[in-house]
Amino acid sequence: MSDKYLPILFFYPEIDPQFKKAFVYKQFDFMVKKSTAKSDIEAFIGEYRHFIFISDAAGLAELQSFHKKFPNLSERTAVIALGENTLSELISEGEKPLFEFVQSISMPPDYHKTLFALVNAGNYLKQKCQLSELSQQLNIQAKELHELNDIGVALSAERDPDKLLETILIKSREITGADAGSLYLVEKIPDRAEDPKNYLADKQLRFKLAHCDTIPIDFTESVMPIEKKSIAGHVALTGTVLNIPDVYELPRESGLTHNRSFDEAVGYRTKSMLVIPMLNHKDEMIGVLQLINRKKHWDVLLSSPAVIEEEVIEFDEKCVNLASSLASQAAVSIENNRLYEDIKNLFEGFIKASVHAIEQRDPTTFGHSERVATLTSALAKQVDRIETGKFKDVHFTRDEFQQIQYAALLHDFGKIGVREDILVKAKKLFPYELDSVKNRFKILSQSTILRTYDRKIKFLLDYEKQKALEYFEKLDRETQEKIKKFDEFLQIVCEANEPTVLNESKLEKLQQIAELKVEANGKPEHLLTEEEISRLSIPRGSLSEEERKEIESHVTHTYNFLKKIPWTRELSSIPEIAYAHHEKLDGTGYPRNLSEPEIPIQSKMMVIADIYDALTAWDRPYKKAVPVQKALDIIGYEVKEGKIDAELFKIFIEAKLFELVKKPD
């Protein structure tokens, strides 16, 4: 059935005059085709959505033969059967007719009955067309609502601000058929005071994004004041939709202006424009969506003035409704995204403050956590790009990169549970202990001198002066030798106190010193306590076994602390990643002696970053910074011993990631 006429296929050798008379009835504009060729039936079915078929039993049989090829034929065709017994010849008793509308006319036909049958058939098809159109409209609306819902879900799920804005603009253009579009965001003007009575008083518009199918856009972000004379500014100020048929023909009374400089520069012609405000749940303006040049056909490029004139049309009410609905969803998503970013920034601020607090307990490690985070994150990005080899299937999402960053920043947080004197212990003895040892040696030297004076006095009382002087010289030499020996012993103690490798010679001398005694409260006591001898005998470094275990306990403290934080699902692996940052592939790490399969790849990357920074970091009281190449060599030895992942270390070196944390000049 056409908008202009109702098609009829008269499948019979001759058209009776009564039919010809009925065909000119004014209610319907009948378009009649007479034929007896079966091919014409198929052609008619293919050409017309709805039509009237008039024929006898033989013709109806031919029409029925097309049912399998065109399953919905019975809904599309109104049948007028010529002859009272025509239907009975085609349909057995008890069977339903194959067509929804069938009316018989006896032959020869009566004019009034013929006209009645034609009017009924026409009304039936008219209703069918209307129902079909309504159904089609409902399907379109359902599809549009489904698309809007899908867009809303996509916008709600997107956490990347830039991708979110891209999605908003792309989807807005798709559902309205716009060739181009722009997106503006409302932002605060730096150092401008707020006005409680005027939300926009301290705001400006940032031209954030632009798209165009016809021409590539060399886009640069810029800001503009919120003023009524600009189209975007007007919408931001008034909160109303602007639907402009042609921006080159703006009414003077509108006070609006359109800047044609872009069009002139790139050879474009902006014509129809739909500008939608984006309001949050408080009805505060957060942005403006601008859609340009609605096209009749989405895939056509507006390559010339003629094409623009032919293709560009005004945005209709449906476009306004769809774009407004999407803009509302977009505003909520942008607001949620900003809130998410604010919460994330707040949390990251807490993390950095926590790290700063930890590093204040040991200022010599200042910046260590951030450098480890920098190196670990960079190594993760390199691994993510690899397309061959061991890690070709390892890829990280945005949230997983965030996990790695946070875990690396917080990997040493547990040091807050380690005693500060252990944490910053530079040498084997604590400073106060070394001072105590030095005082004892000083007392030993002074007591030796006093005993020498005492012996001199007694000798003077018993012997003559000359003999006494000779004895005094001998006594002074002995005393000086003893004091010199004490000084040598103290020097050995000081050398043994350094966090270097203790050789056998010094260990033997320490054992000799351990036998020395000094008078204390009338009782002889060893010059060095057993605990002091034990600490000075530490073969390497500055920590005793108990102190080393206490330092290593920071990993468990870190894990226990991080487990108490209610991480989101996307960040839930942070405690486990940080927990394994001192584990080694061969099971010799701590605190759990994990083997390679049990160690997360994120932790394996952090191990390399942590060791590298610990070796090359600025001078610390207990060690000097190691040159870069020597540090890489040391890690290389660990790789050869099967303690560190060889492939990850290779990536670390080839990408020269170590250069990211160069010591400043």
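Any read-out appearing in this document is the output of simple, stated calculations on the displayed coordinates, not a laboratory observation. Predicted, not measured: the structure shown is a model, and the values here were computed from it. Cβ coordinates were reconstructed from backbone atoms using ideal geometry, including for glycine residues, and neighbour counts include every protein chain displayed.
Name the shape class, rounded, prolate or oblate, that the alpha-carbon gyration tensor gives for the stretch 322-401, where a ≥ b ≥ c are the square roots of its eigenvalues, rounded holds for a/c under 1.5, and otherwise prolate holds if a/b is larger than b/c and oblate otherwise. Mind showing how you got there, number by number?
On the way: a/c = 5.41, a/b = 1.31, b/c = 4.13.
Oblate shape, in that a/c is at least 1.5 and b/c is the bigger or equal ratio.
Whole number please: convex hull volume per residue of the Cα set in the stretch 498-657, in Å³? Walk me through the intermediate numbers first.
On the way: hull volume 26.9 nm³, N = 160.
Spelled out: Cα convex hull of the stretch 498-657, divided by residues, is 168 Å³.
Once both labels are modelled 7 Å past Cα along the beta-carbon direction, what's the E504-E420 spacing in nm?
4.3 nm
List every residue whose amide H lies under 5 Å from the amide H of E525, counting only residues 5 or more places away in sequence or on a different chain, with H placed 1.01 Å from N in the peptide plane.
It is V518, E519, A520, by chain and number.
So for each of 413-420, 247-254 I average, over its residues, the number of other beta carbons within 10 Å; can you give me the resulting order with the highest mean first? Walk me through the numbers on the way to the answer.
Values: 413-420: 17.5, 247-254: 11.5.
Per-residue Cβ counts within 10 Å, averaged per peptide and sorted highest first, yield 413-420, 247-254.
Once R0 is set to 35 Å, what does the formula 1/(1 + (r/R0)^6) return for the Cβ-Cβ distance between K38 and L138, expressed as a FRET efficiency to the nearest 0.05? Before the final figure, lay out the partial values.
Values: r = 36 Å, r/R0 = 1.03.
Result of the calculation: an efficiency of 0.45.
What is the order of T36, T388, T558, fewest Cβ neighbours within 10 Å to most? Could you put the intermediate results ahead of the total?
On the way: T36 14, T388 6, T558 23.
Going from sparsest to densest Cβ surroundings: T388, T36, T558.
Full extension from E546 to K20: what is 0.36 nm times the residue separation minus their Cα-Cα distance, to one decimal in nm?
Numbers: separation 526, 0.36 × 526 = 189.36 nm, distance 11.42 nm.
Full extension of this stretch gives 177.9 nm more.
Order these by the 10 Å Cβ neighbour count, fewest first: M605, M224, M285.
On the way: M605 27, M224 13, M285 22.
Placing the least packed residue first, the sequence is M224, M285, M605.
Restricting to Cα pairs below 8 Å that are 6+ residues apart, what does the relative contact order work out to for the stretch 6-135? Please round to a whole percent. Could you put the intermediate results ahead of the total?
Working: 188 pairs, mean separation 36.3, N = 130.
Normalised by residue count, the contact order of the stretch 6-135 is 28 percent.
From Cα coordinates alone, what are the radius of gyration and Dmax values for the stretch 161-340 in angstrom?
Spelled out, the Cα radius of gyration and Dmax of the stretch 161-340 are 16.0, 51 Å.
Going down the table (K344/K381; K197/K228; K438/K549; K482/K506; K38/K69), which pairs top 24 Å between alpha carbons?
Working: K344/K381 21 Å; K197/K228 19 Å; K438/K549 28 Å; K482/K506 19 Å; K38/K69 14 Å.
Over 24 Å Cα-Cα: K438/K549.
Which Cα, out of F66, G417, Q290, lies furthest along the positive dipole direction of the chain (beta carbon charges, K/R +1, D/E -1)?
G417
Under 13 Å from the Cβ of P277, count the other residues' Cβ atoms, weight Lys and Arg +1, Asp and Glu -1, and hand me the total. All intermediate terms of the calculation are to be shown ahead of the outcome.
Details: positive: none; negative: D283, E284.
Around P277, the surrounding residues sum to -2.
For the stretch 6-135, divide the Cα radius of gyration by the Kirkwood radius and give the resulting Rg/Rh value with two decimals.
The Rg/Rh ratio comes out at 0.93.
Using Cα pairs closer than 8 Å and at least 6 residues apart in sequence, work out the relative contact order for the stretch 431-542, in percent.
Details: 80 pairs, mean separation 30.5, N = 112.
After rounding, I find 27 percent.
Computed from the mean reciprocal separation of all distinct C-alpha pairs, what Kirkwood hydrodynamic radius does the chain have, in Å?
Details: mean 1/r = 0.0285 Å⁻¹.
Taking the inverse mean of 1/r over all distinct Cα pairs, the chain comes out at 35.1 Å.
Charges on Cβ only, +1 for Lys and Arg, -1 for Asp and Glu, centred on the Cα centroid of the chain; of Y579, Q511, S39, which one is farthest towards the dipole's positive end?
Selected residue: Q511.
What's the extension gain from Q629 to E75 if we count 0.36 nm per residue and subtract their Cα-Cα distance? Display every interim value, and only then the final one.
Values: separation 554, 0.36 × 554 = 199.44 nm, distance 8.37 nm.
Answer, rounded to one decimal: 191.1 nm.
State, to one decimal in nm, how far the label point of Q103 lies from the label point of D454, with both points 7 Å from Cα in the Cβ direction.
Here the answer is 14.4 nm between the modelled labels.
Quick one: if you stick a label point 7 Å off each Cα along the C-beta vector at V307 and D56, how many nm between them?
5.9 nm
For S447 and T397, FRET efficiency with R0 = 60 Å and r from the beta-carbon atoms, rounded to 0.05?
On the way: r = 73 Å, r/R0 = 1.21.
About 0.25, to the nearest 0.05.
So how strong a dipole does the stretch 161-340 carry about its Cα centre when Lys and Arg Cβ are +1 and Asp and Glu Cβ are -1, to the nearest 20 debye?
Values: 21 positive and 28 negative charges, 69 e Å.
Taking the Cα centre of the stretch 161-340 as origin, the dipole is about 340 debye.
Given a Förster distance of 41 Å, report the FRET efficiency between Y471 and Y590 from their Cβ-Cβ distance, rounded to the nearest 0.05.
According to the calculation, E is roughly 0.05.
Could you line up Y340, Y48 from fewest to most neighbouring Cβ atoms inside 10 Å?
Working: Y340 12, Y48 20.
Fewest to most other Cβ atoms nearby, the residues stand as Y340, Y48.
Full-extension gain between R338 and E641, please, as 0.36 nm times their residue separation minus the C-alpha to C-alpha distance.
Details: separation 303, 0.36 × 303 = 109.08 nm, distance 4.84 nm.
Here the segment from R338 to E641 would lengthen by 104.2 nm.
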